[in-house]
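Right, one structure below, let's go through it.
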Amino acid sequence: MEYGVLLHFLPRDCTGLRLWDGGAPQAQYHHRHFFFYGRHRAPSLPCVASASSFSDCQPVRLEQKRRVASTRPEAAFPWGCDVESLESGQILQEWLSSQGLPPQKMELQRVEAGGRGLVAQRKLRKGERLLYVPSSLIITTQSEWSSPKAGNVLQENGVPEWPQLASFLISEASQGKNSPWSSYIAALPQQPRSILQWTALDVDTYLAGSSIKDRALECIKDVNYTYHDLQERIFSRYPELFPSKIYSLESIKWAFSILFSRLVRLPSAGQQLALVPWADMLNHSTEVNAFLDVEASSKTVILELDRAYEKGEQVLISYGKRSNAELLLSYGFIPAGPNTNDFVEVEAELDPRDEMFTAKLDALQAHGLSSPQRFPVKLTGLPMQLLAFARLAVSTSMQTQYYSQMAIAATEKGLASNKQQWDFDLEDKIKAFQFILTICEASISNLTRFLKGKEDLLGDDIIHRGTAAEIGRQPKAELAVALCNSERTILYRAQHVLRMELLELRAKKSGSRLGSKLNPPSFGPLEKIGNLFGVNSTRFEPCE
Ligand SMILES: C[S@@+](CC[C@H](N)C(=O)[O-])C[C@H]1O[C@@H](n2cnc3c(N)ncnc32)[C@H](O)[C@@H]1O
């Protein structure tokens with residue numbers, strides 16, 4: 001995963017689509033940038049308030065919740081099904097079989113977390129290959145439109161893949177039974193669970209405590225901008241092909257939510273983006289490493305199992321190495337249990353009262369960074385880049401030539417080329433660790449304040465629940481609480497490590513032997529994923 005991606009995990013590229021090449025080379029559920037013509041050209045949107053207009057971390061009041069509930073939009077289109085509908089799934093499977101999908105070893109069933117999922121009908125071996133969805137049954141930008149003229153207009157106007165695929169879905173959905181994809185579309189949820197189903201007020205209300213709030217608002221805004229761009233440049237110019245009643249903001253949001261939560265990238269097909277019917281009924285697990293891809297010999301989409309399954313067990317795949325916040329944004333859920341890919345973004349900034357502020361800022365900007373700058377604190381460790389930034393921020397040196405070295409070390413590239421950077425003065429090291437501890441503690445306070453405010457709304461017990469079973473039905477407040485709890489867990493771990501580190505450093509400074517007597521920290525139920533911050537392990541690690 002690119003470092004830059006972690007800092008701006010919905011990367012913006014105003015020239016059009018920029019895809020996020022995250023994680024492993026295998027196929028991943030692919031939620032990335034779909035921006036059409038660039039937000040600067042877009043009209044301002046009354047339905048989406050700007051991030052800065054929202055207050056931070058206000059306790060949520062019941063009246064506010066009622067207001068949110070009463071403004072929730074009704075589905076403005078007749079297609080799709082209830083998120084738990086097995087009947088439409090059955091019809092889908094029959095249609096797929098008639099079109100060449102071979103007999104399956106999994107069956108669509110209701111599952112505890114995730115609505116519907118694919119369940120093994122017999123014992124499945126590790127390494128076994130499943131699915132074999134023929135290429136004629138997958139949707140890509142190359143798929144033929146039932147209304148070829150509409151498809152051609154988008155191609156001729158250079159509309160990027162994401163808005164093209166979204167328009168394809170709407171076009172086919174609007175054809176009803178006349179579309180060859182009608183059985184697929186009928187089995188898609190009418191209310192897919194991405195962040196696009198949240199209003200800006202929902203985000204402001206429920207994600208006020210989380211580092212993800214601004215990203216969520218940006219994401220909603222971006223889809224709004226994309227809709228307005230499409231409307232202005234395509235739909236309004238060809239109203240007979242793109243009637244405004246059908247190509248509405250609501251249907252664009254539905255289509256993007258479907259893409260957010262179901263689109264995959266197929267590595268062996270030149271990284272092609274695709275919707276793969278049937279395969280997209282598989283739910284995600286943070287603990288598996290199985291992905292979809294095209295099998296060269298059969299030219300079909302397959303899943304190779306990375307573990308065995310018993311009959312009746314739900315088969316799971318990986319949507320990629322996603323943090324809980326990313327899973328909430330794209331897929332609308334928070335996984336149960338620890339997620340080793342989880343991280344929370346913290347914001348580090350230079351002190352504007354520092355007399356060397358301008359020189360330090362210049363050094364950062366010369367290397368593509370800024371102040372404030374966001375860094376991902378992962379469940380598995382703190383980023384070394386953050387330590388480099390902290391070192392620059394607390395440096396009392398007037399020697400500006402060192403600033404550049406520190407700024408380089410705060411970037412992904414600089415880290416590899418400068419291994420000597422951590423040999424800095426003990427006093428500066430203490431200050432740098434204290435700087436990071438203060439940032440983490442400020443975020444912890446923010447989250448704690450938010451979670452306390454939520455108690456009124458959710459009842460005392462909910463703060464301690466947050467399991468997949470409870471959040472299976474996805475009330476927004478519960479998702480927000482689960483997210484804030486997971487973010488706070490990461491920050492508590494970081495806080496613990498930093499405090500231990502500071503104790504050691506201060507002991508070293510005062511010549512005491514205390515440092516050598518410290519025990520490795522214990523993380524209770526999270527111990528399962530390893531003593532990640534034990535004294536011998538790396539506490540700071542490079543961002544991937
Ligand atoms: C690719 S679809 C999977 C099929 C989906 N369950 C269905 O019935 O259409 C992705 C969606 O499934 C749900 N999902 C997947 N994995 C999940 C999990 N581990 N926990 C809760 N929901 C999950 C989320 O709503 C997500 O947006």
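Looking at the structure I just gave you, is Trp162 closer than 21 Å to Leu329 by Cα, away from the ligand (no atom under 16 Å from the Cβ), open to solvent by less than 50 Å² (accessible area, probe 1.4 Å) and of a type in the set (Phe, Trp, Tyr)?
So Trp162 fits the description; yes.
Do any residues in the stretch 269-283 that are over 18 Å from Ser183 (Cα atoms) have Cβ atoms under 7 Å from those of residues that are more than 10 Å from the ligand (Cβ to nearest atom) and polar (S, T, N, Q), where the two are at least six apart or on different chains, and which pairs are they?
Gln272/Thr140; Leu273/Thr140
Got a number for residues in the stretch 296-327 being in a loop (DSSP other than H, G, I, E, B), at pLDDT 95 or above, more than 14 Å from the ligand (Cβ to nearest atom) and surrounded by 18 or more Cβ atoms within 10 Å (Cβ to Cβ)?
1
Leu387 is checked against (1) more than 24 Å from Arg493 (Cβ to Cβ); (2) modelled with pLDDT of 90 or more and fails just one. What number does that condition carry?
(1)
Quick check: is even one residue across the stretch 111-128 closer than 18 Å to Ala274 by Cβ, of a type outside the set (Lys, Arg), buried (at least 20 other Cβ atoms within 10 Å of the Cβ) and within 16 Å of the ligand (Cβ to nearest atom)?
Taking every residue of the stretch 111-128 in turn, at least one turns out to be closer than 18 Å to Ala274 by Cβ, of a type outside the set (Lys, Arg), buried (at least 20 other Cβ atoms within 10 Å of the Cβ) and within 16 Å of the ligand (Cβ to nearest atom).
The values are calculated or read from the model by the stated rules, or taken from the named source; none is laboratory data. Here the structure is a predicted model, which is why all the values come from computation and not from measurement. With ideal geometry, Cβ positions are generated from the backbone for all residues, glycine too; neighbour counts draw on all protein chains shown. Keep in mind that these areas ignore ligands, DNA and RNA; they rest on the heavy atoms of the full protein, side chains included. Shrake-Rupley method; radii C 1.70, N 1.55, O 1.52, S 1.80 Å.
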